[in-house]
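> The structure under discussion is supplied below as structure tokens; questions concerning it will follow.
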Amino acid sequence: MRPHRWDAVVVGGGPRAVAVVERLTAHVRRSGGRPVSVAIIDAVEVGAGATWRTDQTEHFLNNTTSSQTTIYPDASTGLDDVPDDGETLVAWARRVAVEGETADRPSWVVQEARRTDPGSFPSRRLQGAYYVEQLDRIEARGGVVLARIVGTVVDVVEGPGAATVVLSDGMRLVAASVVLAQGMVQSRPDAEVRSLAAAADRHGLVYVAPGMPSERDWSVLPAGEDVIVRGLGANFFDVVAELTAGRGGRFEPVADDPHGRLRYLPSGREPRLHAGSRRGIPYRSKGDLSARQAAVGPRFATAAWFSELGARPAGSVDFGAEVWPMVARDLALAGAVATEARHPGAVAGGIEALGAALAELPLPTTASAAARDATRAVDAVLAARMAPEHLLQLEHLRRPTLGEPIDARTWARMVERLVVDELDSIANPATSPRQAVNRAMAVLRGPAAGLAASGVVEWGSRVHDVQGWFDADGLFLASGPPAGRTRQVLALIEAGVVRLTGPETTVAVEDGAFVARSAITGAVVRARALAETRMSKGRVPDTDDPLLRSLLDSGRARVHAMEARDGARVQSASLDAVPPSAGARLGLALVDGAGEPSARVLVLGIPALSTQPGSAIGASPGVRSPLLAGADLAARRVLALVPEPLLQP
């Protein structure tokens, strides 16, 4: 039986909800208080949520290894009431492999668990099964009365002493507190997407709009035909796997190839994929994890330098003019060091002379063009000291041809070189210059973004530079797909199943067909099918989530904004919420249009990312986790608001 009034309702049923329940049980068990009643509501699946839903294809993989996933705090997190029986994904998979099938555990979970080791990349559905089973395990501890409800929340109305959660089917739940933990925020279709969808309807075309891959029907894309694909980020690799291996195609190793090259054996049911994007090339791959990789020691953007900047007054640092120039120098130096080690003499005058030349570069003086000027200055130093065949310039990362048009033959040679270099980067991560740049970005992107999160970066620069392009560059270089998945895409390129159209690819509808054009390569492709593999994510102001729209449109919530250096109000992409640093009295509280914090509605994680930096990253064993810290604070606030308080605020 459901209680007349819940102690808490959690909206969103993914890992953040599981973490909140875990923290609730830990604190209640320690306090010896009565069980807390909690209802978790998710539109897709309670426990897994939308991203990790267990009914999706096995071809959609997690982008981190099995060893990097947990839902439990450990000694590294600094939290109280750390459980002594917290089960990581790897530990759970080992147990499942031994236990086998159960009434609630299908055979595919057991099969995938038996293939899972610390260095493997699990399917998203397997990780979802982990979260689902951990929620059951946490509930069995005691300390909570839990209900799982699949439905869509359309409103939360706060009243005296309680909040009412309204579902689309008319169900209403009254609770002492509500935690909004929706996870990934989806955007409503923009004008271009609406126009393409309407044109597809008029002309009988096939259009797969942007969104989460697990929520799209990829079977509608025709076999054996040309299909235009827009987007070469993380989703691209998963979708391509579903359209090839998922349709019966096979990959086999190329005998005696030193780079682990694969050959694709088609099934005949895969489409021909003409793929393009603004940058024109796919995300950089992770290296083989079995290979030993040297640590990157920054010469310019050192830990001490970051600390010095972090001690500056709030809003006093311009990211493009002060942070990026140092990060750019380290990225360039990392690539040059690896190049010189592999090809002695490639750097004229040696690495020390190159480092000295980079150190002598002045900081940009014009803030509006600072990042561009810094990049060009670094690239000029590299060009002056390295032969063209060894040159790896930073501007090429964003614009492979530096914006210059090239003919089809030149682009084909560039793609051939891309395949060779990427295979080398995967197979030889310790010596590859490309992988050295990737590793340098992996080391530096966290501290650089941390400066912005701390408030020391001026708000306009944070939105324009950090969120505008640096985050995307970091993902491109340091958050690429698993090596095995990249090898598959490279094999598909060599087989002609995937064809890269080139940078600055645009799509329109002309004479009853989709037409893709690259302004750089001159490629033109006509097709009756278009698949968007880019995500429609991240921007709360543009969301079509019915609950968030209701709160924003009624003024019961607002978008987080701050004043830039020139006095203008600069809007973020997130809800406004009280930062976690405010603690158990106000931390995480939703902020309304008048700037007043809610007494009973909390926002956890991604919807309020600008006030909760790092909370989008999953929890890993042995690593301090903003996700778990936020869940702990949410649990404490929930317990402080129940009719019989169990914890002091």
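We did not get these values from a lab; they are worked out from the coordinates using the rules stated. Source: prediction; values computed, not measured. Glycine also receives a Cβ, built like all others from the backbone with ideal geometry; neighbour counts cover every protein chain displayed.
> With charges only on Cβ, +1 for K and R and -1 for D and E, what is the dipole size of the stretch 1-124 about its Cα centre, in debye, rounded to 20? Mind showing how you got there, number by number?
Values: 14 positive and 17 negative charges, 58 e Å.
The calculated dipole for the stretch 1-124 is roughly 280 debye.
> Note the angle between two axes, namely the Cα long axis of helix 89-99 and the longest principal axis of the Cα atoms of the chain, as a number of degrees from 0 to 90, rounded to the nearest 10.
Helix 89-99 sits at roughly 70 degrees to that axis.
> If you take the beta carbon distance between ALA147 and ALA384 as r and set R0 to 45 Å, what does 1/(1 + (r/R0)^6) give as a FRET efficiency, to the nearest 0.05? Please report the intermediate quantities before stating the final value.
On the way: r = 67 Å, r/R0 = 1.48.
Computed FRET efficiency for ALA147 and ALA384 comes out at 0.10.
> Taking R0 as 30 Å, what's the FRET efficiency between VAL419 and ARG526 from their Cβ-Cβ distance, rounded to 0.05? Intermediate values should be presented prior to the final figure.
On the way: r = 26 Å, r/R0 = 0.86.
Efficiency for this residue pair is about 0.70.
> Could you work out the relative contact order of the stretch 24-87? I mean the mean sequence separation of Cα pairs under 8 Å and 6+ apart, divided by the number of residues, in percent.
On the way: 32 pairs, mean separation 16.7, N = 64.
Relative contact order comes out at 26 percent.
> Among the trypsin sites (Lys or Arg not before Pro) in the stretch 1-83, which ones are in a DSSP loop with at most 16 other Cβ atoms within 10 Å of the Cβ? Mind listing them?
On the way: sites: ARG5, ARG16, ARG23, ARG29, ARG30, ARG53; in loops: ARG5, ARG53.
The qualifying sites are ARG5.
> In whole percent, what relative contact order does the chain give with Cα contacts below 8 Å and a gap of six or more residues? Intermediate values should be presented prior to the final figure.
Working: 1329 pairs, mean separation 133.7, N = 649.
Relative CO of the chain lands at 21 percent.
> How tilted is helix 191-203 with respect to the longest principal axis of the chain? Cα atoms for both, answer in degrees (0 to 90, nearest 10).
On a 0 to 90 degree scale, this one is about 80.
> Output the relative contact order of the stretch 303-478, whole-number percent, from Cα pairs under 8 angstrom with separation of 6+ residues.
Working: 177 pairs, mean separation 63.2, N = 176.
Once normalised by length, the contact order is 36 percent.
> Going by alpha carbons, how many degrees (0 to 90, nearest 10) lie between the helix axis of 433-454 and the longest principal axis of the chain?
40
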